[in-house]
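Worksheet: the structure to be examined is printed underneath.
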Amino acid sequence: KILPSFMITLKVLFVKYANKFKMMNLDTKLYFIVGALLLLALFKMPFGYYVFLRIAVCASAVYIAIQKIQKVGPQSSLGILFIAVAILFNPLIPVPFEKGIWDFIDLAVAVLYFCMAFYELRLTRKK
């Protein structure tokens, strides 16, 4: 019962922010899209979806880590955090966890991506 109401909430948020989504920069869109992909992984999906998810999350995490490290320097905590996410989701040498643990990881990383998206939105609003 929690997941259907959660999906309705996501739909309401999407409808509310659809026009704003068009005006967002590429990084903010990336955060929202990958966060949504991670939330979809909480449902029962075919195996191919999880392979696609690993590729998408790993690629986006590497991209974000490079950006943060270039902007702040090698001591960037966000850069290091996204490197850890990239290692965790790498498709070449998969980290084996049970489905319940992956659900927790997917949810935690989705929250990270959404927090980054809203942080980016606040930054662009202040400019």
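The values are calculated or read from the model by the stated rules, or taken from the named source; none is laboratory data. All figures in this text were calculated on a predicted structure; none of them were measured in a lab. Counting neighbours? That spans all protein chains shown, and the Cβs are built from the backbone with ideal geometry, glycine included. Heavy atoms of the whole protein, side chains included, go into the accessibility calculation; ligands, DNA and RNA do not. Shrake-Rupley method; radii C 1.70, N 1.55, O 1.52, S 1.80 Å.
Quick look at the values:
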{"read-out": "Separation in nanometres of the label points that stand 7 Å from Cα toward Cβ, at A36 and L123", "value": "2.2 nm"}
{"read-out": "Among 45-51, 78-84, the order from most to least packed when residues are scored by Cβ within 10 Å on average", "value": "78-84, 45-51"}
{"read-out": "FRET efficiency for K16 and L92, using Cβ-Cβ distance with R0 set to 35 Å, rounded to 0.05", "value": "0.35"}
{"read-out": "Carbon + sulfur, % of accessible area of segment 17-127 - ligands and nucleic acids excluded, 1.4 Å", "value": "73 percent"}
{"read-out": "Relative packing of peptides 114-124, 30-40, 67-77 - highest average C-beta neighbours within 10 Å first", "value": "30-40, 114-124, 67-77"}
{"read-out": "Label-to-label distance, nm, for residues given as Y63 and I80 (7 Å Cα→Cβ offset)", "value": "2.5 nm"}
